[in-house]
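**Student:** Have a look at this one before I ask anything.
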Amino acid sequence: MELLFITSVFMLFTLLQVVLGFGAALFSLLVLSFFIDIKELIIFALLINLVTNTLMLHLDWRHFQFKKWLSMLAYSLPFSIVGVYLIDVIPSDILVKIFAVFLLFVAIYSFKETQSSPLQRNFLLTISGFAQGLFSIGGPFTVAAVKNDFANKSEFRMVITAYFFTLNVIRFIQLFFIQKSFGFDRVTALWWLPIPIILVIWLGNKIHARISERHFKKSISILLLISALALLFKFS
């Protein structure tokens, strides 16, 4: 029953991620951490994100922008690697409190229509990498940094998907083959995950196509604000 509950929550918020580009890990961890140790959820979040990213890569591949993808990784990847190493070192509750405060400021900032300055963008991407490496919650910081950098919502979703796919592959290698934080039996026990995720991606892609560009950006800002308040409430 516990596995069914965890899977159902992750599938619900994976649908949100398919539509908007992020949100699965953040909201799933917020809900499930009331019942389950957050460190136990890290591996589940990683595997679901990795499968989702892999399956989503084909949706809008023609919109992929290599230079934008590379410029994002240049600032976030080193900090993601550090974040993964810290999983085994620092208590997660302390770190999430810090990120909750960061996220609140990012949420308020995201309502501004003006584009981030290069310094602000790069700072947010470093925080994104750190948060992604630790808890798979780098999405809000990434979105706040680059949401105005793209020509349309499909280009935005494609580059964000490729970006997190890259970070999650490296996190997987670190956790399972370098740090050996988790046993590989965790992966084989969840062999069936692609099946429900495929259905969720199909449904989310239908919804994504119906959202207007203006409502898409506004939805992201609202989602960021809810994320910040939820984190502050959960870990206060």
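**Student:** What's the FRET efficiency of LEU229 with PHE35 using the Cβ-Cβ distance as r and R₀ = 25 Å, to the nearest 0.05?
**Tutor:** Once the sixth-power term is evaluated, E becomes 0.80.
**Student:** Highest first, please rank the peptides 174-180, 157-163, 73-79, 139-145 by the mean number of other Cβ atoms sitting within 10 Å of their residues.
**Tutor:** 139-145, 157-163, 73-79, 174-180
**Student:** Net charge within 14 Å of LEU125 by Cβ-Cβ distance, Lys/Arg positive one each and Asp/Glu negative one each, not counting LEU125 itself?
**Tutor:** Once all neighbours under 14 Å are counted, the net charge is +2.
**Student:** Follow-up question, since we're still on this one. Tabulate in residue order the Karplus-calculated ³J(HN,Hα) for region 47-55, using 6.51 cos²θ - 1.76 cosθ + 1.60 with θ = phi - 60°, rounded to whole Hz; enter x for Gly and Pro.
**Tutor:** Calculated HN-Hα couplings, in order: 5, 5, 4, 5, 5, 4, 4, 4, 6 Hz.
**Student:** Each residue of region 118-133 in order: what ³J(HN,Hα) in whole Hz does its phi give by Karplus 6.51 cos²θ - 1.76 cosθ + 1.60, θ = phi - 60°, with x for Gly and Pro?
**Tutor:** Along region 118-133, the couplings run x, 5, 5, 4, 5, 5, 5, 5, 5, 5, 4, x, 5, 5, 5, x Hz.
**Student:** Suppose R0 equals 45 Å. What FRET efficiency, 1/(1 + (r/R0)^6) with r the Cβ-Cβ distance, do SER117 and LEU190 give to the nearest 0.05?
**Tutor:** FRET efficiency, SER117 to LEU190: 0.60.
Laboratory data are not the source of any read-out in this text; all were calculated from the coordinates shown. The structure presented is a predicted model; accordingly, all values stated were derived computationally and were not measured. Note that each Cβ is placed from the backbone with ideal geometry, even for glycine, and that neighbours are counted across all protein chains shown.
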